[in-house]
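Below is one structure, written out as structure tokens; comments come after it.
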Amino acid sequence: MTNHLNRAIALLQSATEHLTELAATPTERQPLRETINITVEQIHTALAELAAAINPPALDKIPPELLTKAERLGVPLDDIEVRVIITTHHLSQLIGILNEIEQRFAEIRRVREYLLVRLPDMPIEQLGSRLPVYTAADFEWTEPRLSPTELAQIRSKYQIDRLLSQPPRHSADLFKQIAAADRAWEQARADTQSDDLNDTDDLRNLPF
């Protein structure tokens, strides 16, 4: 914290000296715009140092792939203002600004300044899956258990004990029963067709 405070004090003192010199210099000799720009930048950096003194801008909570992408795009991660702004905003905003810089990289001349200005305006979005997350606790049975009397009534009503006492049927036995039923059905059809052909009473009544 002390280092951040000392740097902030030094920056503010330098900014004060610039403004003092600017006020003492005749108007026609003043590098007005350049001096003011330098002073404003020093004040912004001093404010970032003060923010870092209160809440150190550690980057360990940012996914490494995002830090790698930021470095690849030319974002100076050692810059105190950059570190403060990316650690004090939502992760989705950082993802959004990096994607925007990547898409418009050819148009952006100063990546650092672009990030500092645009990052606070990036929308905050939900990260991860938007579907609800269920756990085993969501599927636990919460209804009260049946009493022994109620269970006995159900077993008696549906004859559960009798069903449980029956020997289990083997699948081979079931297939044999199906095959036997199929043969019986085919035999019944054959017998019916044979009876129809042997019935000559109707043939005598034909008109030819």
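Results for (1) assigned by TED's automatic domain parsing to the domain that holds residue 96; (2) under 19 Å from residue 113 (Cβ atoms), shown as yes or no for each residue.
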position: 17; (1), (2): no, no
position: 42; (1), (2): no, yes
position: 49; (1), (2): no, yes
position: 72; (1), (2): yes, yes
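Using the structure shown, decide if residue 119 is buried (at least 16 other Cβ atoms within 10 Å of the Cβ) and touching a helix residue (DSSP H, G or I) at 6+ places or on another chain (Cβ under 9 Å). Considered against the rule, which asks whether it is buried (at least 16 other Cβ atoms within 10 Å of the Cβ) and touching a helix residue (DSSP H, G or I) at 6+ places or on another chain (Cβ under 9 Å), residue 119 comes out as yes.
If the condition is being more than 17 Å from residue 51 (Cβ to Cβ) and buried (at least 16 other Cβ atoms within 10 Å of the Cβ), then region 74-90 contributes only 75. Filtered by the rule that a residue be farther than 22 Å from residue 6 by Cα, of a type in the set (Val, Ile, Thr) and modelled with pLDDT of 90 or more, region 27-80 gives 62, 68, 75.
The values are calculated or read from the model by the stated rules, or taken from the named source; none is laboratory data. Keep in mind the model is a prediction, meaning the values are calculated, not measured. Cβ sites come from the backbone with ideal geometry, for glycine too, and all protein chains shown count toward neighbours.
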